[in-house]
Amino acid sequence: MSALQEYLRYIVTLTAVLDPFLAIPIFIGVTAARDDAARRRLADVVSITVFLVLAASTLFGESLLIGLGASLPAFQVGGGLVLLLMALAMLNAKVGEMRQTRAEAEELEAGEVSGVVPLAVPLLAGPGAISTTIIAAQAGGIPHALALIVCIGVMCVLLWALLRAAHVVGARLSTTALNVATRILGLILAAIAIETMADGLKVLFPAFA
């Protein structure tokens, strides 16, 4: 796989994992009683937090794996399983407990949210996005890590723009349209998840390669 293909795959995977279409109705619900200035501030905080969490995963993910004594193939299998569970929920147009527990959902509905927890983490920059980033960063090298951070920045700018325009987008797109987009991303994510798991299993069990 060429470097360009690798970065494009990462962007596609990150788009599916973050699923901004799933975030739009949740953001609208959270900010329904807020004014435009408060909505913009929350969109800023959420986008910056997602960027910082994923950038940190890029830079320190390998050290974390080494510290935990986990091999990359094992992490690929585990991370792929997390992505697959998220994909199955997305195919049903649901958030899924991998992204958000019932308690976190109640916290959002009550308006007790700073934008960092649980909206940015773990709803957006959760286990799926973090594991995807750590796996992608294992190719090694500072230039590679910087390129991934640029990809993360591009995605966070897109996320920021969608959250800023969430109420406009939500008014123009029906719930069905947003759910269809989520299901399409879920199908893509399921394929990527299975491939990620297969790559890890080939290394762990060479006889099955």
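What follows is calculated from the coordinates using simple rules that are stated; it is not laboratory data. Everything numeric in this text was worked out from a predicted model, so none of it was measured. Neighbour counts run over all protein chains shown; Cβ positions are idealised from the backbone, glycine included.
General observations
- When Rg and the Kirkwood radius Rh are both evaluated on Cα atoms of the range 52-209, their ratio Rg/Rh stands at 0.99.
- Zero-based 5 Å bins, Cα pair distances in the range 31-93, whole percents: 4, 14, 12, 14, 17, 16, 11, 7, 5, 1
- In sequence order, calculated HN-Hα J values of the range 91-97 (Karplus, 6.51, -1.76, 1.60; Hz; x Gly/Pro): 5, 9, 6, 10, 5, x, 6
- Neighbourhood net charge (11 Å Cβ-Cβ; Lys/Arg +1, Asp/Glu -1) for Ile28: +2
- Packing, taken as the mean count of other beta carbons within 10 Å per residue, orders the peptides 162-171, 44-53 from highest to lowest as 44-53, 162-171.
- Phi-derived couplings, Karplus 6.51 cos²θ - 1.76 cosθ + 1.60 at θ = phi - 60°, listed residue by residue for the range 65-80: 4, 4, x, 7, x, 9, 7, 4, x, 5, 5, 4, 5, x, x, x Hz, with x used for Gly and Pro.
- Neighbourhood charge, 15 Å Cβ-Cβ cut-off, centred on Tyr10 and excluding it, Lys, Arg +1 and Asp, Glu -1: -2
- Computed over the range 3-204, relative contact order equals 47 percent, with contacts defined as Cα pairs under 8 Å that lie 6+ residues apart.
- Phi angles of the range 4-13 translate, via the Karplus equation with coefficients 6.51, -1.76, 1.60 and θ = phi - 60°, into HN-Hα couplings of 4, 4, 4, 6, 5, 5, 5, 4, 4, 4 Hz per residue; Gly and Pro are given as x.
- The convex hull drawn around the Cα atoms of the range 18-125, when projected onto a plane and averaged over every direction, covers 7.4 nm².
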